[in-house]
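Chemist: Dropping a structure here in structure tokens format, bear with me for questions.
The values are calculated or read from the model by the stated rules, or taken from the named source; none is laboratory data. What you see is a predicted model; the values in this text were computed from it and never measured. Positions of Cβ are backbone-derived with ideal geometry, glycine not excepted, and every protein chain shown enters the neighbour counts.
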Amino acid sequence: MLILACGPLGNVGDTTSRIKSALESAPYIAAEDSRKLTRLAHDLGVRYSGKVISYFEGNESERIAQLTEILISGADLLVITDAGAPGVSDPGYRLIQSAIENGVPIQVLPGPSAVTTALLLSGLATDRFCFEGFSPRTAGARVTWYEKLASEERTIIFFEAPHRLQESLVDALSVFGPNRRGAICREMTKTYEETIRGSIQELLEWSSGRDILGEITVAIAGFDTSSQSYPRERLVEMVQARESAGISRKEAIALVAKELDLPKRMVFDAMVGSKAVGR
């Protein structure tokens with residue numbers, strides 16, 4: 001059986017008794033970091049005797065065959081990552097696929113989730129949300145990524161590297177505008193846990209000039225169609241008026257979006273839909 005264990009985000013007290021038992025009894029353990037596994041077991045007061053196999057992003061592909069062979073042999077394999085659920089922005093998805101293809105049963109030991117924890121801490125709408133993994137590392141790809149999410153009506157949750165947080169928020173502001181609500185959740189369940197809530201402008205101001213450390217999860221409110229609804233014809237007229245003044249279409253779209261606090265993608269789509277000839 002493939003056993004997927006959702007480990008604690010930071011506070012070991014969140015570890016379930018089922019995970020403790022699985023650690024003690026599993027003959028094989030695929031761990032993202034063997035040192036962190038040892039520390040977790042020590043903090044939990046449990047001992048494991050299973051063979052530990054290194055299983056992280058860098059060697060995930062080459063480990064699949066070995067781990068699948070263990071499962072096909074009839075042995076149990078416990079997969080545990082550094083924090084949260086295996087397969088959610090961590091190694092695990094490909095192994096799950098392989099197990100299913102080979103008829104190996106799968107068991108999930110539920111536990112902490114950075115996604116839902118941040119959603120609840122954010123204070124944003126919880127009835128509908130989407131998880132987008134890690135944001136792209138490069139500025140150009142990140143802006144395009146944000147633009148595709150600009151009209152998303154669900155609360156948006158994603159992970160961000162602490163050293164890229166400020167530049168990511170700069171890109172978010174350029175696409176979503178300054179007033180979209182959001183939250184930065186840092187070091188959840190750990191000693192220095194911190195949640196910063198506010199507009200994207202306020203989040204950016206908070207991040208400026210700070211040495212930000214730790215695990216970061218960001219939540220951004222979905223697009224509110226009822227409070228920010230403009231007829232397409234009006235958006236087209238506003239863009240064309242600025243074009244007539246000698247401004248390029250790209251700049252005109254950005255100006256209108258900023259003025260109306262709308263996603264640039266919405267203004268762009270209005271222009272495409274109108275089939276207006278641009279400069």
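Chemist: Being assigned to a loop (DSSP other than H, G, I, E, B) and exposed (fewer than 13 other Cβ atoms within 10 Å of the Cβ) is the requirement here; does Gly87 meet it?
Modeler: No, not satisfied.
Chemist: Somewhere in the stretch 267-279, is a residue surrounded by 13 or more Cβ atoms within 10 Å (Cβ to Cβ) and modelled with pLDDT of 90 or more?
Modeler: Checked against the condition, which is being surrounded by 13 or more Cβ atoms within 10 Å (Cβ to Cβ) and modelled with pLDDT of 90 or more, the stretch 267-279 yields no hits at all.
Chemist: Among the residues of the stretch 33-64 satisfying the criterion of being of a type in the set (Ser, Thr, Tyr) and buried (at least 17 other Cβ atoms within 10 Å of the Cβ), which is farthest from the chain's Cα centre (by Cα)?
Modeler: So, considering only residues that are of a type in the set (Ser, Thr, Tyr) and buried (at least 17 other Cβ atoms within 10 Å of the Cβ), the one farthest from the chain's Cα centre (by Cα) is Tyr48.
Chemist: Looking at the stretch 1-32, which of the residues that are closer than 11 Å to Asp82 by Cα and out of contact with any helix residue (DSSP H, G or I) (no Cβ under 9 Å at 6 or more places or on another chain) is surrounded by the most Cβ atoms within 10 Å (Cβ to Cβ)?
Modeler: Glu32
Chemist: Among the numbered criteria (1) at pLDDT 95 or above; (2) farther than 22 Å from Pro136 by Cα; (3) not in a strand (DSSP E or B), which one does Gly198 miss?
Modeler: Only one criterion in (1) at pLDDT 95 or above; (2) farther than 22 Å from Pro136 by Cα; (3) not in a strand (DSSP E or B) is unmet by Gly198, namely (3).
Chemist: Between a residue in the stretch 54-79 that is farther than 13 Å from Ala30 by Cα and any residue that is part of a helix (DSSP H, G or I), which pairs come within a Cβ distance under 8 Å, given they are 6 or more apart or on different chains?
Modeler: Close Cβ pairs (under 8 Å, with a partner that is part of a helix (DSSP H, G or I)) amount to Ser61/Arg94.
Chemist: Please work out if Asn102 is modelled with pLDDT of 95 or more and within 25 Å of Glu193 (Cβ to Cβ).
Modeler: no
Chemist: Right, another one. Taking strands (runs of 3 or more DSSP E) that fall entirely within the stretch 124-186, which contain at least 1 residues that are polar (S, T, N, Q) and crowded, with 21+ Cβ neighbours inside 10 Å?
Modeler: The qualifying strands (runs of 3 or more DSSP E) are 155-160.
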